[in-house]
Each structure stands twice: as C-alpha cells, then as structure tokens.
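No value in this document is a laboratory result; all are computed from the given coordinates. Being a predicted model, the structure only gives us computed values, none of them experimental.
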Amino acid sequence: MPVPSLLQSVMRPAGAAAGDIATMWWVMLVAGSLVGVAVIGVAIYAALRRRRDRVDDPAERDRVATRWIVGAGALFPAVVLTALFVFTLVTLAALHPDRGPRTPLVEVTGRQWWWQVRYLGERSGDVVESANEIRIPAGQRIALTLKSADVIHSFWIPALHGKLDMIPGRTTRLWIQADTPGVYRGQCAEFCGLQHANMRLVVVALEPAAFASWLANERQPAREPTDHEAREGRDLFVTAGCAVCHTIRGTPARGTVGPDLTHVASRLTLAAGTLTNGRGPLGGWIANPQELKPGALMPRVPVGAHDLHALVHYLESLR
Ligand code: CUA
C-alpha cells in the first residue's frame, strides 16, 4: 500500500458527497464571477453614460434611476441569490446524514492529537479499535459517528466529504463514500492545541472482499510471538510501562489512554500521520516521542538499545 501523498483537495472529489460539494463550489465560483463582472460592467457603463448623454428633464432622470434601482438593485440580486440559495438547500439535503446508512460502521473520536477509530459490530465482541486510519469498502456509503474526548476537533477528508466538528459531549453523524479503492488523506480542521497540524488521518478504501478479510483479521487478537526476540519485546511491553496506556488484545496490556496497538504493524502511519510506519520511525518514536511531537501525551520511557530493538521487533510483527 503506497504511503498517502500530501494531496488533499476538495477539487478532486472521490465520492458522491465530496462531488456535490465540489459542484457547489464551482457553481458559486462561476455565479460570483459573473455577478462581479456584471457589476463592474454596469459601473463603467454608468460612468461613461453620465458624461456622454446627460438627461436634463428631472422627471425622465427619476424614471431612469428608479428602473436601475429596481432592476439592478433589487430584482437581479433577488433572482440570483434565491437561485443559489435553492441550489445550496438541494446540496445540503443530499449531504444529510440520513442519506447514508442507518447503522454506523465506524465511530471516530478526536483526541489530542490523534484519532481513535472503533469498528462497531453487531455484537460487543465484534468491536475492534484502531487509530488514525479508517478502512472502508469502496463504492458504498459508509456511516460514521463522530465524537470528541477533550476539545473541539474537526473531521475532514476533503476528497470524501466536507468538514464536521467533533464536539465534546455530542455525537454527530456523517457518511462518506469512496468510489474507487485508494488512500484518501485527511486532517483535523479545527485548531485543537499544540499538535493540531500533526493530527492527520487516512481513509483506506478497499475492494469489499479485501475489506471483509481485513476486518476479520483485525478482530483476531494479537499474534503470538514466534521468536525469542519478539517474546522478549512482548514481555517488555507488558512490564515496562507501555501497557499502562496501550491495549494489545490477547496480552495483559489493557491501557486505554493511547491507541490500541493490537495490529499496529498493518497501519500506514504512526503518531497520527507524523511518521511513516516502519522499524526506524517506530524506534525513534518510542525512544523520544516528545522530540517528534512536542506536547503529545506519550511520555519518554527510558529503554536501552537492546530492549528498544526487542520492542520494535515485537510491535512490527503485529499485523
Ligand atoms: Cu484536532 Cu485540530
């Protein structure tokens, strides 16, 4: 899977909702430009006409003035603004959460400064948790519920839908659709503190069958370590303090402060899009998170080179 590029543009919609928003953007741009040109044109016309042919009869002058005030001053804006208003209402209706499925697939919670992603199943045992990455089947409308755990964040995947605030104490709904498989980048769109700019996420749209098998794998507990170094890494994870904040299902690690790491190696990025996932970045992140993301809740846990190696080896085996 390629690492997502920096490209995130509302002008490159990849699904129905973003398509409607892009269309509205273009219509507004064209209408606004035409009105602007018309107003400038009329102003120039008025300036030239005034010099060329003065109307000396006061009654005739009033008639001309009234015609302009009613026509250009009232009728024209009323028609144009009403048309744009109706168009906006139609677009808003098309974007309404009710136009998506009733049952949400995913619950996304904004946190300083990462995204907690929970796949909701029919039974409580089906719920699995991930972070900073939302996998969806392509070609379908997917309902999301959005929450915040601390401050106001804003959920925004420009290629798939508009922005929606995540407000503490409130649950909002949104649907997204990606027409074709691919990686779509997103970003928190509401200033939420020191690392707001490093609060990115990706939506990975998969073929429906690939999505189903991916989700089935996510529901499995973490793989048992198969070699000595990985076993050492797992034991360190559980005893050295990592488990206080992180969960790895299938191990005694049950912390809920930080991201669930049960299948961390299958994710594209680390630290909410700050780093590309891989041994080197993961090692650097564990060794000194405050250097890479100042203010993040992840503390620096002193580990020696040997232990760090074992930890990274274990975590990178969690596919
Ligand atoms: Cu979260 Cu900005």
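Which whole-number percent is the relative contact order of the chain (Cα, under 8 Å, 6+ apart)? All intermediate terms of the calculation are to be shown ahead of the outcome.
Working: 563 pairs, mean separation 53.5, N = 319.
Result for the chain is 17 percent.
Note the per residue figure in Å³ for the convex hull of the C-alpha positions in the stretch 108-154.
Once divided by residue count, the hull of the stretch 108-154 is 90 Å³.
Using alpha carbons only, what's the Rg to Rh ratio of the chain with Rh from Kirkwood?
1.19
Determine, at each q value in 0.24, 0.25, 0.33 (inverse angstroms), the log₁₀ of I(q)/I(0) that the Debye formula gives when each Cα of the stretch 53-98 is one equal point scatterer.
Computed log10 I(q)/I(0) values: -0.82, -0.84, -1.03.
Under a no-solvent Debye model with one identical scatterer per Cα of the stretch 72-145, what's log10 I(q)/I(0) at q = 0.22, 0.28 Å⁻¹?
Result of the Debye calculation: -1.01, -1.21.
Provide the convex hull volume over Cα atoms per residue for the stretch 201-249, in Å³.
111 Å³
Please turn the phi angles of the stretch 240-249 into ³J(HN,Hα) values with the Karplus equation 6.51 cos²θ - 1.76 cosθ + 1.60 (θ = phi - 60°), one per residue in order, whole Hz, x for glycine and proline.
My calculation for the stretch 240-249 gives 8, x, 4, 5, 5, 10, 10, 9, 10, 4 Hz in order.
In square nanometres and to one decimal, what's the mean projected area of the convex hull around the Cα atoms of the stretch 160-283?
Spelled out: convex hull of the Cα atoms, projected over all directions, averaged, 9.7 nm².
Going by amide H atoms built from the backbone, whose H comes under 5 Å of the H on residue 166, apart from near neighbours?
153, 154, 155
Using only the Cα atoms, what convex hull volume per residue in Å³ does the stretch 1-160 have? Let's see the in-between values first.
Working: hull volume 28.4 nm³, N = 160.
Normalising the Cα hull of the stretch 1-160 by residue number yields 178 Å³.
So, in Å, what gap is there between the alpha-carbon centers of the stretch 147-182 and the stretch 91-119?
5 Å
Quick one: what are the phi-derived ³J(HN,Hα) couplings along the stretch 65-81, Karplus 6.51/-1.76/1.60 with θ = phi - 60°, whole Hz, x for glycine and proline?
Values, residue by residue: 4, 4, 4, 5, 5, 5, x, 7, x, 10, 5, 4, x, 4, 5, 5, 5 Hz.
Please report the projected area of the stretch 225-314's Cα convex hull averaged over all directions, in nm².
5.4 nm²
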